[in-house]
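Down below is the structure, laid out as structure tokens.
The values are calculated or read from the model by the stated rules, or taken from the named source; none is laboratory data. Treat the numbers as computed from the prediction; the structure is a model and nothing was measured. Using ideal geometry, Cβ is built from the backbone for each residue, glycine included, and neighbour counts are taken over all protein chains shown. Quick note on the areas: whole protein, heavy atoms, side chains included, nothing else; ligands and nucleic acids left out. Shrake-Rupley method; radii C 1.70, N 1.55, O 1.52, S 1.80 Å.
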Amino acid sequence: MIQFRDLKKQYICLKDDIDKNISEVLEDSSFILGKKIDELETKLSSVVNRKYCVTCANGTDALQLAMMALGIGQGDAFFVPDFTFFASAGAGSILGATPVFVDIEADTFNISPEHLEVQIKNTLSEGKYNPKAIIAVDLFGQPADYDDILSIANKYNLYVIEDGAQGFGGNIRGKMACSFGVISTTSFFPAKPLGCYGDGGAIFTDDYEINLKLRSLRSQGKSIIDKYDNLEIGINSRLDTIQAGVLLAKLDHFFSFELDELNRNAQLYTQLLKDCFKTPSIKEGYFSSWAQYTILIDESLDRDAIKNKLLNNGIPSMVYYPRGLHQQKAYERLNYSDNNFPNTLNVVNRCLSLPIHPYLEENEIRYISNILCCK
Ligand SMILES: *Cc1c(COP(=O)(O)O)cnc(C)c1O
């Protein structure tokens with residue numbers, strides 16, 4: 001059986017460093033915060049070229065903390081792509097803010113700047129909610145179109161929060177993912193581009209005050225001077241120190257080896273599949289960290305049958321994602337109609353994500369592609 005994302009092979013490759021870092025944490029016995037967390041935050045902020053990094057318990061909390069730090073809540077609206085993982089919208093909803101869904105670009109599956117502006121204007125003219133932020137998602141590893149998004153945000157005076165849970169490691173003309181939002185977030189869930197061995201997340205900013213606020217909010221809203229002096233209501237969301245050990249052992253290798261291998265593997269897939277399926281489009285000057293390699297299957301073909309054929313040949317595949325956020329039961333009350341999301345609807349009905357990871361071998365990619373393309 002081919003692995004969808006082979007974490008075991010990666011562990012075998014990096015075992016010495018990972019084991020050493022984990023046992024250092026055990027010897028040191030400081031399991032929450034401490035030296036390795038400081039070291040990781042310094043390294044992460046430097047690789048994405050930001051002033052501050054605040055680690056936390058997972059990528060969903062990272063988004064929630066970002067919105068809390070910006071004071072977004074009841075009565076506010078935030079704009080979010082319709083086609084993404086649920087947390088991109090859920091993290092703001094739990095604070096009482098209202099998501100406004102935006103259709104995606106047909107090619108990249110990222111938020112459509114054109115429809116974004118339409119939805120901002122609609123929200124303003126409706127006057128029910130106060131528009132506050134755009135959550136731009138770097139879906140499947142490719143950064144969203146920040147040239148356009150940032151200029152729209154500027155025009156309407158909105159914050160940009162970058163959901164880089166899938167985008168860590170990507171860049172636009174050398175400017176790193178997680179450097180585009182006033183606050184950017186990522187996830188270290190094991191199957192993300194940079195994963196730890198449990199849940200984990202991080203938040204990035206260049207703003208000193210936001211950085212302090214995030215540090216307070218992740219620890220019950222405590223003051224810096226006295227941890228039993230609570231200044232506001234926060235949550236408990238810290239990265240475990242053992243996970244920092246795992247990430248420190250993986251980080252250099254991720255940038256020096258894994259990202260290039262991912263891109264080489266994606267290129268080979270595209271070369272072998274482009275005549276049979278619609279393969280991923282990466283914009284000129286954009287670099288993807290390939291959280292997923294997702295093809296579109298022609299409407300005339302049966303996606304389930306293709307999925308089964310792959311499975312019968314030992315190849316897992318996934319439908320990321322089977323529905324748009326506007327189609328989720330949790331958001332039924334918002335009463336969206338399908339008509340506003342033609343690109344999401346096209347993609348949810350046709351998408352199929354294939355195995356991709358840095359340790360996938362050329363012969364495995366050729367084998368998968370052969371099975372997919374033979375009639
Ligand atoms: C995984 C993911 C998240 C949430 O991260 P967790 O660490 O699982 O909480 C948020 N947004 C996107 C786009 C994701 O893919």
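Taking residue 195 as the residue in question, decide whether it is within 16 Å of the ligand (Cβ to nearest atom), surrounded by fewer than 24 Cβ atoms within 10 Å (Cβ to Cβ) and not acidic (Asp, Glu).
Judged against the criteria, residue 195 is a match.
Would you point out which residue out of 99, 81 is touching a residue at least 12 places away in the same chain (Cβ under 8 Å), under 21 Å from the mean Cα position of the chain (by Cα), buried (at least 24 other Cβ atoms within 10 Å of the Cβ) and within 16 Å of the ligand (Cβ to nearest atom)?
Answer to the selection: 81.
Scanning segment 224-249 for residues that are at pLDDT 95 or above, aliphatic (A, V, I, L, M) and part of a loop (DSSP other than H, G, I, E, B), which turns out least open to solvent (accessible area, probe 1.4 Å)?
239
Residue under question is residue 25, and the condition is that it be of a type in the set (A, V, I, L, M, F, W, C), touching a Lys or Arg at 6+ places or on another chain (Cβ under 9 Å) and open to solvent by less than 80 Å² (accessible area, probe 1.4 Å); does it hold?
When the stated conditions are applied, residue 25 passes them.
Within segment 114-156, track down each residue that is of a type in the set (Asp, Glu), closer than 30 Å to residue 258 by Cα and out of contact with any Lys or Arg (no Cβ under 8 Å at 6 or more places or on another chain).
138, 147, 148
Just give me the residues in segment 250-279 being under 30 Å from residue 38 (Cβ atoms) and buried (at least 20 other Cβ atoms within 10 Å of the Cβ), in sequence order.
250, 254, 258, 259, 262
Restricting to segment 95-122, count the residues that are more than 22 Å from residue 293 (Cα to Cα) and not aromatic (Phe, Trp, Tyr).
17
Quick one: would you say residue 177 is touching an Asp or Glu at 6+ places or on another chain (Cβ under 6 Å) and open to solvent by less than 10 Å² (accessible area, probe 1.4 Å)?
So residue 177 fits the description; yes.
Could you list, in sequence order, the residues of segment 178-192 that are within 12 Å of the ligand (Cβ to nearest atom) and of a type in the set (A, V, I, L, M, F, W, C)?
188, 189, 191
Rundown of residues vs (1) within 11 Å of the ligand (Cβ to nearest atom); (2) crowded, with 24+ Cβ neighbours inside 10 Å, yes/no style:
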position: 131; (1), (2): no, no
position: 134; (1), (2): no, yes
position: 141; (1), (2): yes, yes
position: 147; (1), (2): no, no
position: 153; (1), (2): no, no
position: 159; (1), (2): no, no
position: 165; (1), (2): yes, yes
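Pick out the one residue from 58, 122, 110 that is without any contact (Cβ under 8 Å) to a residue 60 or more places away in the chain, polar (S, T, N, Q) and within 12 Å of the ligand (Cβ to nearest atom).
110
Considering only residues that are closer than 23 Å to residue 141 by Cα and out of contact with any Ser or Thr (no Cβ under 8 Å at 6 or more places or on another chain), which ones fall in segment 65-78?
Hit for segment 65-78 is 67, nothing else.
Answer with yes or no whether residue 122 is closer than 21 Å to residue 340 by Cα and open to solvent by 10 Å² or more (accessible area, probe 1.4 Å).
The answer is yes for residue 122.
Residue by residue through segment 280-313, note down the ones that are outside any helix (DSSP H, G or I), open to solvent by 20 Å² or more (accessible area, probe 1.4 Å), closer than 27 Å to residue 111 by Cβ and not aromatic (Phe, Trp, Tyr).
280, 281, 282, 283, 284, 285, 292, 298, 299
Considering segment 314-354 alone, what residues qualify as being open to solvent by 80 Å² or more (accessible area, probe 1.4 Å) and assigned to a helix (DSSP H, G or I)?
329, 332, 333, 339, 349, listed by residue number.
Scanning for something within 16 Å of the ligand (Cβ to nearest atom) and either within 23 Å of the chain's Cα centre (by Cα) or open to solvent by 50 Å² or more (accessible area, probe 1.4 Å) (or both), does segment 45-54 turn up at least one residue?
yes
Quick check on segment 205-226. Is at least one of its residues within 30 Å of residue 4 (Cα to Cα), within 16 Å of the ligand (Cβ to nearest atom) and in contact (Cβ under 8 Å) with a residue 60 or more places away in the chain?
Checking segment 205-226: not a single residue is within 30 Å of residue 4 (Cα to Cα), within 16 Å of the ligand (Cβ to nearest atom) and in contact (Cβ under 8 Å) with a residue 60 or more places away in the chain.
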